[in-house]
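Peer 1: Below is the structure I would like to discuss, written out as structure tokens.
The values are calculated or read from the model by the stated rules, or taken from the named source; none is laboratory data. Small disclaimer: the values here were computed from a predicted structure and weren't measured. Counting neighbours? That spans all protein chains shown, and the Cβs are built from the backbone with ideal geometry, glycine included.
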Amino acid sequence: MKKSVEVLADKEKLIERSLNIILAQIKTAIAQRDQFTLALSGGSTPKPLYEKLAAQELPWEKIHIFWGDERYVAPDHAESNQLMARQAWLDQVPFPAENIHPMPTAGNDPAADAQQYEAELQQFFQVKPGEFPQFDVVLLGMGDDAHTASLFPNTAALTERDHLVTVGDKSGEPRITLTVPTINHARCVMFVVAGENKRPALAQVFADTADDRMYPSRLIQPQGELYWLLDQAAGAEIATTS
Ligand code: 6PG
């Protein structure tokens, strides 16, 4: 694993740096494999990043969009990660419809919908049961409780090691989420974290020892590249890599 930890002066520079890393990853992936696969994070932090991506001239037909997690709501619900990404980016540029792979949330059965997404990933990445897909980039945020995707503290989702996709649990509210091994098989994982409220969780995630079940972002140790991109408000006390 190649780990980079960067603290940017403010959120604007954090988003700019995140954009530049993603554009470089897109260029490399398309040069090497003529395709780029990206799993999106939800929440509020990445919205300006998605808006900047919408302003790029890219080979959209070669880019496939997935999600790292999704709230278990309809795609037109205000809480939907899919809705946010479509409004900020995906519906603003000419992606072929089949290149957008949302997590299903309409079955009224989170476990069945998680299995359906797992089957879709196995099909798209041509992996057999027991194998894990290799996303080019998995984009992640981190909550102030150190959760990432919908891998919340002290939940069963944290220990799922066989499935690609599982049901997350945010205080009883179901989520669909990629599992730890699926995220860790990515070529590149990028955390984009902003805000002073994230400092205490970051201190635990970066501590030499702490409880991984309490601070789930500690579980993200990909075999490929790992970027921790922080703004000064979040990362003031975090040591950066040279
Ligand atoms: C979600 C996200 C989640 C998010 C963190 C940070 O579905 O909410 O995927 O993991 O990244 O909660 O959210 P903010 O960016 O809003 O702080």
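Peer 1: How many of the residues making up region 68-85 are outside any helix (DSSP H, G or I) and within 8 Å of the ligand (Cβ to nearest atom)?
Peer 2: 4
Peer 1: Right, here's the next one. When you go through S171, S150 one by one, which is the residue that is within 14 Å of the ligand (Cβ to nearest atom) and without any contact (Cβ under 8 Å) to a residue 24 or more places away in the chain?
Peer 2: Answer to the selection: S171.
Peer 1: I'd like the full set of residues that are more than 12 Å from the ligand (Cβ to nearest atom) and either among the polar types (S, T, N, Q) or in contact with a strand residue (DSSP E or B) (Cβ under 6 Å, 6 or more places away or on another chain) (or both), limited to region 22-54.
Peer 2: If the condition is that a residue be more than 12 Å from the ligand (Cβ to nearest atom) and either among the polar types (S, T, N, Q) or in contact with a strand residue (DSSP E or B) (Cβ under 6 Å, 6 or more places away or on another chain) (or both), then Q25, I26, T28, A29, I30, Q32, Q35, F36, T37, L38 are the ones that fit.
Peer 1: Here is a follow-up. Mind checking which pairs have a first residue in region 103-118 that is modelled with pLDDT under 95 and a second that is of a type in the set (A, V, I, L, M), Cβ under 9 Å, 6 or more apart or different chains?
Peer 2: From region 103-118, the pairs are A106/A74.
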